[in-house]
Every structure is written in structure tokens, then in C-alpha cells.
1. Of the residues T113, T81, which is touching a helix residue (DSSP H, G or I) at 6+ places or on another chain (Cβ under 9 Å) and surrounded by fewer than 21 Cβ atoms within 10 Å (Cβ to Cβ)?
2. Can you pull out every residue in segment 222-259 that is under 27 Å from R101 (Cβ atoms) and either in a helix (DSSP H, G or I) or among the β-branched types (V, I, T) (or both)?
3. Of all residues being β-branched (V, I, T) and either surrounded by fewer than 20 Cβ atoms within 10 Å (Cβ to Cβ) or free of Cβ contacts under 8 Å to residues at least 60 places away in the same chain (or both) in segment 278-292, which is farthest from V105 (Cα to Cα)? Just the residue, please.
4. Just give me the residues in segment 44-53 being in a loop (DSSP other than H, G, I, E, B) and either at pLDDT 95 or above or more than 13 Å from the chain's Cα centre (by Cα) (or both), in sequence order.
5. Picking from H264, H275, which residue would you name as being surrounded by fewer than 23 Cβ atoms within 10 Å (Cβ to Cβ), in a loop (DSSP other than H, G, I, E, B) and touching a strand residue (DSSP E or B) at 6+ places or on another chain (Cβ under 8 Å)?
6. Take the residues in segment 54-88 that are hydrophobic (A, V, I, L, M, F, W, C) and in contact with a strand residue (DSSP E or B) (Cβ under 7 Å, 6 or more places away or on another chain); name whichever of them is modelled with the lowest pLDDT.
Amino acid sequence: MSARTGVSREVDQRFVTSDGTALHVVDDGPRDAELTTVLLHGWTLDHTSWDLVAAELPGRVLRYDHRGHGGSAPAPLGTATIAQCADDLAELIAARVPTGRIVLVGHSMGGMTIMALAEQHLSLLDRVAGVVLVATSSGELADSTLGLPTAFGRAFMAGEKVVNRRIARFRRAELLRRTEVARPGLRWLLFGKRPSWRHVAMTAAMVGRCHPVSMVGFRDSLNEHDRRKALAAFADIPSVVLAGAEDRLTPLRHARVLADELPHAELVIHLGAGHMLPLERATEVRAHITAAAHRQPPMTGHPSPATHDRR
């Protein structure tokens, strides 16, 4: 049951893409709403990563699991890519939100999917009233050292490749069992200072619901992701970039690149927070999503990059 049931009833649905992949969709709010917020989750997560944010958002809220994640079907061979996720998003919008204004909100790989949407389906941006990019990046993820000294970071990332080959052979039940054991590691990797263990447990459960082969398959696409030029498409759309000061996966330099390419965007840095802002800073993220729909489009030649820290 949705926390938004005072307004409408949350409905679980299935959407089948043009290549036959069934996506799990959660649609909450009046179908004739003037504004629909579309929430896109990150790699290895699912739509429940937005539970705390979606609860009090106005209008209609549409969430779904990327192929290979959560309740969606596994990604067919060769389709575990950010580009394919953008095509899935475009098809879902065309079928389920054919009219009205849209606010696009993407966390991590969800934000990258929005960038790919701009590359591949530019005309859809005509209906976008606001964009919120949460703990995400426009590229250069293959160079990540997770905040560790360079040599240690590179060794860690090299070891990840070996681990991923093993994970790809797991069954989902085994992956879920392993992620329960891996909670301390997930806490270190994904969260900032003094995280809630409930949030860590929620995250471990999401990782455990992934389809192992699909989860590993997306890794190459993440490393190859390079969509800095695509950001120009958002120049006239009210945009917000949210970052965690303690984020190891997409460190602050990634947020600053986004802000540099979007000179009218608001950059908000959350002190003490890590990569999981939809859980760690749910109230603040929700407020920025709500505000994004009501901001005026930027005026060319008058940048107003309100960059500030939020605890």
C-alpha cells in the first residue's frame, strides 16, 4: 500500500518493451495529472530506492525497474546498456505519459539514462519541465578509485572484475544471500557518515533482487558512459544537481562537471552524505524535485548557479 493513498492508490503494472522485455512499473496518482514525475533508479537498485522520496510528491509519480533489476525481466543478451535503458524510458513515456509536463529524476545510472535520452530522443525534452540529477556522472567512471589511494583503488577495481565473473554465475537466491553478508561493505561503499542500518538493509535487499547476469552486464556500459556533450540539451530546462560530499562511486568532481556544463543549474552538495541520497537525504531530495517543476526556465546570458552545501 502506498504512503500516498490519501491522494490515490499505487498500482503495480507491467510494461512490455518493443524487444519483448517486461518491466515492472509502479504508477501512483491521477492519470490526467498535469504533471508526472518519473523516477529512475541506479545500477543494482530498483524502484523501491525511491520509496521515501515518492511518498509525498505531488501529482502523478511513475517509477519502474530497469531491465535486469528488481521485478523486471532479465536483460536479453547485449541489451544491458544505458542506451537501451534510454530507449525503454522513451517507450514507457510514449505509452503511459503521452501528454502533459514531465519532471525527470535520475539517481546514478538513472541520471545517465536521462542523458542518453537527450542523445537518442531529443524531441521528448520539449515536454520536460525540470530535471533533477542525483549522485550521477556524465562519464569517466572507469577512472574511479573509490576515494582510495590510486594504487589501492585500481587494485580494488581490478578485483571487482574477477568478482563480477563469479557473480554472473549466481542464481538470484544466492545473490540475495551473499548481499546480506556484504552489508558492511555496502555501507562503506554507498553511504556517508552515520547511515541508518535500515537503509543499508534496504539497499542490500535491492541488490539481491537483481538478475546477476544483467547486473554484471551493465558494468561495461557504465565504464563506457560518456555523455558530457548531451548535457547541452538541458540548457533551457530548470535543472538541479544533487551530490553527496562523501560519495565514493560518483565523487564531487562528477557533480561539478555537470554544473559546469549546466551553468543555470543549481548545485547542492549534501555534507556527510554518500551515494544513496534518495535514502540518506530523502526529505531534501523530495523538496528539490517539487521545486524543479515550478522553477522558471533559465534566461540565456544570465547564469544563476546557486551552489551551496546542505547538511
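The values are calculated or read from the model by the stated rules, or taken from the named source; none is laboratory data. On a predicted model such as this, the values are computed, not experimentally measured, just so you know. Reconstructed Cβ throughout: ideal geometry from the backbone, glycine too, with neighbour counts over all protein chains shown.
1. Working: T113 fails: surrounded by fewer than 21 Cβ atoms within 10 Å (Cβ to Cβ).
One residue alone meets the criteria, T81.
2. Quick first cut of segment 222-259, residues under 27 Å from R101 (Cβ atoms) only: 227-243, 255, 258-259.
If the condition is that a residue be under 27 Å from R101 (Cβ atoms) and either in a helix (DSSP H, G or I) or among the β-branched types (V, I, T) (or both), then K229, A230, L231, A232, A233, F234, I237, V240, V241, A255, L258, A259 are the ones that fit.
3. Step one: list which residues in segment 278-292 are β-branched (V, I, T), which gives 283, 285, 289-290.
Going one step further and asking which of them are either surrounded by fewer than 20 Cβ atoms within 10 Å (Cβ to Cβ) or free of Cβ contacts under 8 Å to residues at least 60 places away in the same chain (or both), we end up with 283, 290.
Numbers: T283: 15, T290: 11 Å.
Within segment 278-292, the match that is farthest from V105 (Cα to Cα) is T283.
4. Keep residues of segment 44-53 that are in a loop (DSSP other than H, G, I, E, B), which gives 44-46.
Within segment 44-53, L45, D46 meet the criteria.
5. Details: H275 fails: surrounded by fewer than 23 Cβ atoms within 10 Å (Cβ to Cβ).
The conditions single out H264.
6. Quick first cut of segment 54-88, residues hydrophobic (A, V, I, L, M, F, W, C) only: 54-55, 57, 61-62, 73, 75, 77, 80, 82-83, 85-86.
Pick out the ones that are also in contact with a strand residue (DSSP E or B) (Cβ under 7 Å, 6 or more places away or on another chain) and you get 54, 57, 61-62, 73.
Details: A54: 97, L57: 94, V61: 97, L62: 98, A73: 97.
Per the stated criteria, the residue is L57.
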